[in-house]
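Notes to accompany the following structure.
The values are calculated or read from the model by the stated rules, or taken from the named source; none is laboratory data. Note that the structure is a prediction, hence the values are computed from the model and not measured. Glycine also receives a Cβ, built like all others from the backbone with ideal geometry; neighbour counts cover every protein chain displayed.
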């Protein structure tokens, strides 16, 4: 599984990006992130989830797994609850 | 017992309150003002709520009464959190809460004293702020209803730096003002304008409180907020966009100061925090050309433009044309003001095509 994560926006407008490849994770971490992706329902999410307000983060998440590839743009104010743990895990990594 | 109905009054005791109530509702502006002041003071002395209750809305409008409420999410994320400080209360044991309270007051006073604007909606709306949002959260934002401040992680932004920065607080509150006025869409050029107006008011509120003329201001948004490990002086420079930071971890400040360097991107809602550098620099140039305090001319022009002219989909050229027109209306066609504004926009790439 390959995760491409980008965060932009926020008061300072900083842009940060990360790539996570399960091949380079230890088995526990790999299992953990796969669980998080599975329980998030990521592949069923709408490609754009817009939000409200100003100076919120904007996330761009692409996951390539097992022949499926999907990209979602999400406003921080509208992250689906099931997706929160995955986003938090990626941000902390 | 004497009543001085000119605003400098004493304590009423002989004249019954209903006379003041009537004046408060039906009198001339001057009479209303004086009557309301009398009632407020006597209320304070007597500790009664009943009279004030009946005409409270009139008081809020006439006297520019602040209504601030500070909440604390205690490092969690469910807004607004727990109420920790309400209008009129003494400072609490939490610096962030006190700062959010005080700086909201400064911002309110700026708008009211200079532009007669009564809170974000110009109708005395309650100013709601939440502090300690999430854990080590390196951000502040406007939800559409309230301001929210993180603590900062200490590794990117100094802990406590969001609430200790008056320009950040005034920036967030101004997103509210924009929502209630022009409603600039938060994407691409209109979004960059939205961002710029927040920085413009942010820098002016700071200059106002610190009593800085345009030549004495550093024109920096969020100076000193970066952690010591980050090579940067501020989050943005209005004077010289693109020079605020240059660091291996966070990169180089990407802001353009000219239309030629406008960044076409899908990041950041079409680069709203990036391309705001262009209108920011226009404001800086106009203000510095006119001298004195920024709010007297350039600030007034910008505020009237935001409040009365711009629309949700206004572009850079619309903003430029509007400020030039407003400058002419306020200060005279072809005056130094209109010329300064026109020159400023020319310097950053007008007509933006």
Exercise for the section: Take the residues in region A:9-48 that are in a strand (DSSP E or B) and surrounded by fewer than 17 Cβ atoms within 10 Å (Cβ to Cβ), then tell me which one is nearest to the other protein chains (Cβ to nearest Cβ). Expected result: A:16
Handout entry: Single match in A:17, A:8, A:30 (criterion: at pLDDT 95 or above and out of contact with any strand residue (DSSP E or B) (no Cβ under 6 Å at 6 or more places or on another chain))
Key = A:30
Fill in the blank from the handout: Exception for residue B:192 within (1) buried (at least 24 other Cβ atoms within 10 Å of the Cβ); (2) part of a helix (DSSP H, G or I); (3) in contact with a helix residue (DSSP H, G or I) (Cβ under 6 Å, 6 or more places away or on another chain); (4) within 11 Å of another protein chain (Cβ to nearest Cβ) falls at (3)
Practice task
Test residue B:116 against the criterion of being surrounded by fewer than 17 Cβ atoms within 10 Å (Cβ to Cβ) and under 27 Å from residue A:7 (Cα atoms), and give yes or no.
Solution key: no
Handout entry: Criterion: crowded, with 24+ Cβ neighbours inside 10 Å, more than 14 Å from every other protein chain (Cβ to nearest Cβ), at negative phi and in contact with a helix residue (DSSP H, G or I) (Cβ under 9 Å, 6 or more places away or on another chain) - qualifying residue of B:289, B:298
Key = B:298
Practice task
Scan region A:38-59 residue by residue and report those that are in contact with a strand residue (DSSP E or B) (Cβ under 8 Å, 6 or more places away or on another chain) and more than 19 Å from residue A:76 (Cβ to Cβ).
Solution key: A:43
Fill in the blank from the handout: Reported set for region B:244-261 where residues are more than 10 Å from chain A (Cβ to nearest Cβ) and buried (at least 20 other Cβ atoms within 10 Å of the Cβ) is B:256, B:257
Handout entry: Given (1) in a helix (DSSP H, G or I); (2) within 13 Å of chain B (Cβ to nearest Cβ), number of the condition residue A:6 does not satisfy
Key = (1)
Problem - Residues that are in contact with a helix residue (DSSP H, G or I) (Cβ under 9 Å, 6 or more places away or on another chain), facing chain A (nearest Cβ under 10 Å) and not in a loop (DSSP other than H, G, I, E, B), drawn from region B:225-238 - result: B:236
Exercise for the section: Hey, can you tell me all the residues within region B:159-173 that are without any contact (Cβ under 8 Å) to a residue 60 or more places away in the chain and surrounded by 24 or more Cβ atoms within 10 Å (Cβ to Cβ)? Expected result: B:167, B:168, B:171, B:172
Practice task
Return yes when residue B:149 is in a strand (DSSP E or B) and either surrounded by fewer than 17 Cβ atoms within 10 Å (Cβ to Cβ) or in contact with a helix residue (DSSP H, G or I) (Cβ under 9 Å, 6 or more places away or on another chain) (or both) and no when it is not.
Solution key: yes
Completion exercise
Across (1) over 25 Å from residue B:254 (Cβ atoms); (2) free of Cβ contacts under 8 Å to residues at least 60 places away in the same chain, residue B:318 clears everything bar (1)
Practice task
Could you list all residues from region B:80-115 that are more than 18 Å from residue B:175 (Cα to Cα) and assigned to a loop (DSSP other than H, G, I, E, B)?
Solution key: B:81, B:87, B:88, B:89, B:90, B:91, B:92, B:93, B:94
Handout entry: Unique residue being touching a helix residue (DSSP H, G or I) at 6+ places or on another chain (Cβ under 8 Å) and within 14 Å of another protein chain (Cβ to nearest Cβ) when the list is B:334, B:280, B:343
Key = B:280
Exercise for the section: Any chance you could count how many residues in region A:54-80 are on the phi > 0 side of the Ramachandran plot and at the interface with chain B (Cβ under 9 Å from one of its Cβ atoms)? Expected result: 1
Problem - Test result for residue B:241, within 14 Å of chain A (Cβ to nearest Cβ), modelled with pLDDT of 95 or more and surrounded by fewer than 16 Cβ atoms within 10 Å (Cβ to Cβ) - result: no
Exercise for the section: Using the structure shown, decide if residue B:105 is more than 30 Å from residue A:84 (Cβ to Cβ), in contact with a strand residue (DSSP E or B) (Cβ under 7 Å, 6 or more places away or on another chain) and at pLDDT 95 or above. Expected result: yes
Exercise for the section: Answer with yes or no whether residue A:90 is without any contact (Cβ under 8 Å) to a residue 40 or more places away in the chain, more than 10 Å from chain B (Cβ to nearest Cβ), under 13 Å from the mean Cα position of the chain (by Cα) and buried (at least 16 other Cβ atoms within 10 Å of the Cβ). Expected result: no
Practice task
Examine region B:200-220 for a residue that is at negative phi, touching a residue at least 12 places away in the same chain (Cβ under 8 Å), assigned to a strand (DSSP E or B) and in the same structural domain as residue B:236 (by TED's automatic domain parsing), and state whether such a residue exists.
Solution key: yes
Exercise for the section: Being crowded, with 19+ Cβ neighbours inside 10 Å and within 19 Å of the chain's Cα centre (by Cα) is the filter here, so list the residues in region B:301-334 that pass it. Expected result: B:301, B:302, B:303, B:305, B:306, B:310, B:319, B:323
